[in-house]
Amino acid sequence: MADTARLLLLGGTGEAAALAKRLAGDKRIEAITSLAGRTRSPAAIAGQVRSGGFGGVSGLAGYLTAEKIDLLIDATHPYAAAMPHAAAAACANVGIPRLRLLRPPWQPEAGDRWIATADLAAAAAALPGLADRVLLTTGQRDLDAFAALRDIWFLIRLIEPPAGGLPLARCEVRLDRGPFHAEDEIALLRDNRIGALVSKNSGGAATYGKIAAARALGLPVVMITRPPQPAGETATTLDACQAWLDARLG
Ligand code: NAP
């Protein structure tokens, strides 16, 4: 490894941005944050940023070699289903260390009414008869799964205005980036007469407000189970990432 280690940080999350900020002052490391390029106006990120897919495992392996990457931290979202597996395979092929940064999932508390579902289709199947008005926070690309539910009204919260039309018969879009606080979420649920929520178990504080609000109002939350992760080293905090880097860089 050269004097300065080159780190590829797979991003698209608040943790990745926070880690990039923390590493910006570390002279031992040259970090490059990689974004999928889906968000048209991503939040500012410290240091170098690249954008767009790599082209699967071979594309990523080629990038790691061409860019002389020494280490990879995968800080993609817990529901990024493909990238963590591609990163694991590409790092194994090229022979560089990889760490998965994964926030712990939320755990149900007394008063929570969670309905665990395996995937988006199962979440949609759980809604008829449960509620007529639903808050959906899974993201624009996940809306197709709910398209057949023409009698349910959806409040859809998105970070950016939707690209193209929405597949839902009855819905309203609310643009907001968070973090979301429980008291505001209670008001949102009440004002819109929401009867149930559909959520990913994203973990972290920024979007927990809706979960606390649902508990306070006694509303069910249809909770989509996380996708499986590749085997390998995992950290749940920025400090643990720092320790992993320190162990490799001295
Ligand atoms: P995904 O299913 O794991 O990724 C799909 C494809 O997008 C990958 O195969 C890869 O394309 C490209 N990609 C994903 N993350 C990338 C990154 N950090 N840098 C470069 N290319 C990337 O993930 P996704 O669910 O589509 O999410 C896309 C991005 O949004 C991720 O970075 C994730 O952290 C962020 N995000 C996702 C969610 C969610 O709920 N899924 C929520 C918040 C943020 P190639 O195969 O061409 O390399």
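The values are calculated or read from the model by the stated rules, or taken from the named source; none is laboratory data. All of these numbers come straight from a predicted model, not from anything done at the bench. All Cβ positions, glycine included, derive from the backbone under ideal geometry; neighbour counts span all protein chains shown. These area figures cover heavy atoms from the full protein model, side chains too; ligands, DNA and RNA do not enter into them. Shrake-Rupley method; radii C 1.70, N 1.55, O 1.52, S 1.80 Å.
For the range 104-129 and the range 13-69, what is the separation of their C-alpha centers, rounded to whole Å?
Taking the Cα centre of the range 13-69 as reference, the centre of the range 104-129 is 32 Å away.
Give me the mean projected area, in nm² to one decimal, of the convex hull enclosing the Cα positions of the range 5-59.
For the Cα atoms of the range 5-59, the hull's average projected area reads 4.0 nm².
Once Rh for the chain is found with the Kirkwood sum over Cα pairs, what is the Stokes-Einstein diffusion coefficient at 37 °C and 0.692 mPa s, in µm²/s?
D = 168 µm²/s.
Could you provide, to the nearest whole Å², the per residue accessible area of the chain with probe 1.4 Å? Don't skip to the answer; put the middle values down first.
Numbers: 11860 Å² over 250 residues.
Value returned for the chain: 47 Å² of accessible area per residue.
Show the residues, 5+ positions off or on another chain, whose built amide H is closer than 5 Å to the amide H of A235.
Excluding prolines and chain starts, which carry no amide H, the hits are R100, L101, L102.
What residues qualify as long-range amide H neighbours of R6, i.e. H under 5 Å apart, gap of 5 or more or another chain, H built at 1.01 Å from N?
Result for R6 returns E30, D70, L71.
Where the only charges are on Cβ atoms (+1 Lys, Arg; -1 Asp, Glu), what is the dipole of the chain about its Cα centre, to the nearest 20 debye?
Here the size comes out at about 220 debye.
Rg to Rh for the range 113-224: what is it, with Cα atoms only and Rh by Kirkwood? Write down the numbers at each step before the final one.
Working: Rg = 12.7 Å, Rh = 13.9 Å.
Radius of gyration over Kirkwood radius for the range 113-224 works out to 0.92.
Counting only residues 5 or more places away or on other chains, whose amide H sits under 5 Å from the amide H of A46 once H atoms are built in the peptide plane?
It is K21, by chain and number.
First check a/c for the range 1-130, with a ≥ b ≥ c the square roots of the eigenvalues of its C-alpha gyration tensor; if it is under 1.5, answer rounded, and if not, answer prolate when a/b is larger than b/c or oblate otherwise.
prolate
Give a residue-ordered list of calculated ³J(HN,Hα) values for the range 241-247 (Karplus: 6.51 cos²θ - 1.76 cosθ + 1.60, θ = phi - 60°; whole Hz; x for Gly, Pro).
Whole-Hz 3J(HN,Hα) from phi for the range 241-247: 5, 4, 5, 4, 5, 4, 5.
Ignoring ligands, DNA and RNA, what percent of the accessible area of the chain is carbon or sulfur (1.4 Å)? Please report the intermediate quantities before stating the final value.
On the way: 6300 of 11860 Å².
Ligands and nucleic acids excluded, carbon and sulfur give 53 percent.
Tell me, what is the Rg over Rh of the range 59-169, with Rh the Kirkwood radius over Cα pairs?
Values: Rg = 18.9 Å, Rh = 17.3 Å.
Ratio of gyration radius to Kirkwood radius: 1.10.
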